Amino acid sequence: MKILPGLMLAAVLAVAGNYLADLVGVELMGLPKSPISPIMMAIVLGVLLRNTVNLPAAVEPGIKFSLQRILRLGIILLGIRLSLGEVGLIGLKALPVILITVTVALVVVNFVSKRLGLSARMGILIAVGTSICGATAIMATAPTINAKDDEVSYSVACIALFGMAAMLAYPFAAHWLFSGDPALSGLFLGTAVHDTAQVAGAGLVYQQYFGEPRALDVATVTKLVRNLGMLIVIPLMSILYHRQSSEGAEPPAWYSMVPLFVIGFAMMSLLRTVGDMGEKAFGFMDPGQWKLVVSVTRETAGYCLAIAMAAVGLGTRVSNLRSIGPRPLIAGLVSALIVGATSALTLLAFY
């Protein structure tokens, strides 16, 4: 199978990250529990390996598979951690923060991009990538505004760079800003970090450092609700662009912008909700058996996300950033700071 070499490499790095985190924190530092996150260690190992070793082309399909399929499987399986009622409550609480953050980001980032002399297309791509759903939003928006290949690749590189930085730094910022409140920290991570993979990574880092799985749950649900913003934002940005341009391109069908893993997450939450009803899960499974199913599914989700995070590191090429130039990088940095600041200030003011 073409995916096997890259998939195995990502899995090995995930295991190595766990081992090295314990080795440094427990064995070398003599602490009862390692202060180093295994997920963070796996990401760092992936980045180092990608940028210091000439990896064979055979690993690329597996890395891509891990970044896409394994990540989405992990997110879907995370749904079993929460009932539909809990998902709905988190989503409703997150919605005002999402609306404010996305609106401010779209307006400010487009303004900054124009001031920096970037093309309208690149400004839109960086804006939707920062505010909605990272690379996924960029790839979905690009054909609707006839974006050029270099504009797409530069925008994705900006999102990858600053999203990676946010993924590693924001868990600690959130813990400090919100006095260790895992729910508020999760809302912040879900609205301030760019890509779905990066939000999952930030939630895992928070969980591993501070022992609060609630932050990962809230961050995941918040990000999935935020992803649905593509249904409105992408057609809107396309219409606004074409009103100022003679180029023509049709917005994609609305249903093509609903990520399937969002539906899968909801289905797993529905399964958990039905399974928790009555004395026996689904009328035939003892409580102990159902508890075991939930536990195994949660652990499997964790393994999938660990592999996906190692693949995030393996997919980060520093060389791709050299050809971008300073202006898109400045726009990406300003975008990341605006989104993070808007999310934090909204939460601190109203929650």
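A few points about this structure:
- Separation between Cα centres of region 256-299 and region 141-185, rounded to whole Å: 30
- Take the Cα of residue 299, step 7 Å toward its Cβ, do the same at residue 176, and the gap between the two points is 3.6 nm.
- Given their separation in residues at 0.36 nm each and the Cα-Cα distance between them, residue 52 and residue 28 gain 6.1 nm when the chain is fully extended.
- Pairs of Cα atoms nearer than 8 Å and 6+ residues apart set the relative contact order; for region 71-350 it is 35 percent.
- Cβ-Cβ distance of residue 318 and residue 291, R₀ of 51 Å, FRET efficiency by 1/(1 + (r/R0)^6): the value works out to about 0.70.
- When the charge dipole of region 71-350 is built from unit charges on Cβ atoms (+1 for Lys and Arg, -1 for Asp and Glu) and taken about the Cα centre, the candidate among 213, 189, 162 whose Cα reaches farthest toward its positive end is 162.
- Simple rule: put +1 on each Lys or Arg Cβ and -1 on each Asp or Glu Cβ in the chain, find the dipole, and look at 273, 124, 242; the Cα lying farthest toward the positive end is 242.
- Using the average count of surrounding beta-carbon atoms within 10 Å as a protection proxy, the listed peptides 161-173, 117-129, 183-195 rank, highest first, as 183-195, 117-129, 161-173.
- Kyte-Doolittle mean at least 0.0 and Cα axial length at least 30 Å: DSSP H helices in the chain: 84-115, 149-177, 287-314, 326-350
- Residue-span extension gain [residue 337 to residue 273] - 0.36 nm each, minus C-alpha spacing: 19.3 nm
- Projecting the Cα positions of 28, 176, 51 onto the charge dipole of the chain (unit charges on Cβ atoms of Lys, Arg, Asp and Glu, taken about the Cα centre) puts 51 furthest along the positive direction.
- Where only DSSP H runs of four or more residues are counted, the chain gives -24000 deg cm²/dmol as its mean residue ellipticity at 222 nm, each run worth -39500 (n - 2.57).
- About the Cα centre, charge dipole magnitude for the chain (Lys/Arg +1, Asp/Glu -1 at Cβ), debye: 500
- FRET efficiency, 1/(1 + (r/R0)^6) with R0 35 Å, evaluated for residue 263 and residue 243 via beta carbons: 0.60
- Counting only Cβ charges, +1 for Lys and Arg and -1 for Asp and Glu, the dipole size of region 1-88 around its Cα centre is about 300 debye.
- Descending by average beta-carbon neighbour count within 10 Å, the peptides 98-111, 285-298, 140-153 line up as 98-111, 140-153, 285-298, the highest first.
We did not get these values from a lab; they are worked out from the coordinates using the rules stated. Everything numeric in this text was worked out from a predicted model, so none of it was measured. Positions of Cβ are generated from backbone atoms using ideal geometry, with glycine treated the same way; all protein chains shown enter the neighbour counts.
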